[in-house]
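Q: One structure coming up, written as structure tokens, with questions to follow.
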Amino acid sequence: MTTSSASHLHSSIGAIVSVPSSFPNSISAATLLPREDSASGHQFVHQTVLLNEAVTALHPLKKDGIYIDGTFGRGGHSRLLLAQLAPEARLIAFDKDLQAIANAAQITDARFSIVHNSFAAMRTELMARGIHQVDGVLLDLGISSPQVDDATRGFSFRADGPLDMRMDTTRGMSAAEWLAIATEKNIEEVIRNYGEERFAFQIAKAITARRQVAPISSTRELAGLVANTLKKYRGPRQKRKDSNKDPATRTFQAIRIFINEELEDLKSGLSQAFDLLSSDGKLVVISFHSLEDRIVKQFMASKAVVEQPDRRMPIRSKDLPQPQMKLFRKLMPSEVEVAVNPRARSAIMRVAQRLPMSLDALQVLNAPS
Ligand SMILES: C[S@@+](CC[C@H](N)C(=O)[O-])C[C@H]1O[C@@H](n2cnc3c(N)ncnc32)[C@H](O)[C@@H]1O
């Protein structure tokens, strides 16, 4: 995820949207930088991570397949996928963020539609459209560059802005609202569990002490408070270990994950994607930190590895439990991609494919209760 003011690329993006079928199967990330229309009038750009790799991982594409991009962002993956899908196929994208939804409105392809909701509402949203099965699901987790780089969104500890951090600004509590009412214990747990911050206790204490004087309403105030707290408590070893990281990194990550219910959505989205996938359908997930990746890895493993019954039990081999998914080797961005886009450095892509169910298992599922 890298930002640059790449306005010279805009014209090529328009072309991609209007004539998808004429595009090649492999496009470099730079040619797909989509335009950002921010409320503030600034231009922010999201550089898609593992663009060709993630779209290729969804292959082979079914002629009349239905595909889901659960995290539209600025549509890098969606646009490339549309360029490769057959005329009979469909792509349904989701995003929580209204600016992403506005960006998706630039796509005038009849095969494409966008839903303003979490991918954790995938089942309900698809059922409402009469869709009970899909052929591929892509989740490119976390936040987009425009969200981080637009200071008015309140995600960044580098630029000053209102302490919001919501992907979906139409619902839920902002970070400032939550910090004003949460208990010290709750703040500490969030910072420790979602930020893996050693000094969560001290930071939570500093936050509750400060809010007694005045509410913490800006990103700069929170970042300064965390930096001052860590200055007091971190020893030289800790400082050296974190020398290339802003002291507020872990705390901001933690609050953002909590406010947006990112891990709950991920668990629910994975399970719904699995239930909706047709035989041979692919699930492709790109994660950006270890908490997300652990959930993805464990989920996929739970569908790929089956517990075998006691060997002494008289069970015919065809009745033995079968794995429900096949796993592919995890993939990280190349050195070249990371050099061009340093925000890609922590990305891990995992891919799993739904295996066809045995006839016996299908009969059990369809048996009248
Ligand atoms: C890393 S960006 C995706 C970038 C996108 N693949 C592209 O190429 O432009 C993540 C996007 O997913 C959205 N998002 C994150 N979690 C979500 C969720 N649970 N449901 C829907 N959208 C989500 C964010 O608002 C953000 O726009």
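Q: Cα centroid distance between the stretch 49-79 and the stretch 201-232, in Å?
A: So the two Cα centres are separated by 41 Å.
Q: Residues of the stretch 139-171 with backbone nitrogen within less than 17 Å of a virtual label 7 Å along the Cα-to-Cβ line of Asn117, please, listed as ranges.
A: So the set is 168-171.
Q: Need the list of lysines near Lys239 for cross-linking: C-alpha distance under 19 angstrom, and skip anything on the same chain fewer than eight residues off.
A: Of all the lysines, those that pass the test against Lys239 - Cα under 19 Å, at least 8 places apart if same chain - are Lys231.
Q: Follow-up question, since we're still on this one. Give me Asp150, Asp246 sorted ascending by neighbouring Cβ count inside 10 Å, so fewest comes first.
A: Going from least to most buried by this count: Asp246, Asp150.
Q: How many angstrom lie between the C-alpha centres of the stretch 305-346 and the stretch 270-304?
A: 9 Å
Q: Taking 22 Å as R0, compute the FRET efficiency from the Cβ-Cβ separation of Ala304 and Thr124 and round it to 0.05.
A: FRET efficiency, Ala304 to Thr124: 0.25.
Q: Excluding Arg211 itself, what net charge comes from residues whose Cβ is under 12 Å from its Cβ, given Lys and Arg +1 and Asp and Glu -1?
A: Net charge in that neighbourhood comes out at -1.
Q: Rounded if a/c is under 1.5, else prolate if a/b beats b/c, else oblate: with a ≥ b ≥ c from the C-alpha gyration tensor eigenvalues square-rooted, which is the stretch 281-323?
A: Note, shape of the stretch 281-323 comes out oblate.
Q: Relative to the compact-globule scaling 2.2 N^0.38 Å, provide the ratio for the alpha-carbon radius of gyration of the stretch 169-259.
A: Normalised Cα radius of gyration, the stretch 169-259: 1.04.
Q: Which pairs in the list Lys267/Lys326; Lys303/Lys330; Lys63/Lys282; Lys282/Lys330; Lys267/Lys330 are over 22 Å apart, alpha-carbon to alpha-carbon? List each step's numbers first, then the result.
A: Numbers: Lys267/Lys326 19 Å; Lys303/Lys330 16 Å; Lys63/Lys282 15 Å; Lys282/Lys330 14 Å; Lys267/Lys330 19 Å.
With Cα atoms farther than 22 Å apart: none of Lys267/Lys326; Lys303/Lys330; Lys63/Lys282; Lys282/Lys330; Lys267/Lys330.
Q: First measure r as the distance between the Cβ atoms of Ala102 and Thr152, then evaluate 1/(1 + (r/R0)^6) with R0 = 22 Å and state the FRET efficiency to the nearest 0.05.
A: Details: r = 15 Å, r/R0 = 0.67.
Result of the calculation: an efficiency of 0.90.
Q: Summing +1 for each Lys or Arg and -1 for each Asp or Glu, what net charge is found among the other residues whose Cβ lies under 14 Å from the Cβ of Glu88?
A: Details: positive: Lys62, Lys63, Arg90, Arg111; negative: Asp64, Asp109, Asp135.
Within the 14 Å Cβ shell, the charges total +1.
Q: 5 Å is the cut-off here: which amide hydrogens, built 1.01 Å from N in the peptide plane, fall below it relative to Ser218, excluding neighbours closer than 5 in sequence?
A: Placed amide hydrogens put Leu163 under 5 Å from Ser218.
Bear in mind that the values in this text are calculations on the coordinates, not laboratory data. Note that the structure is predicted; figures quoted are calculated from it, not measured. Here the Cβ is made from the backbone with ideal geometry for all residues, glycine too, and neighbour counts use every protein chain on show.
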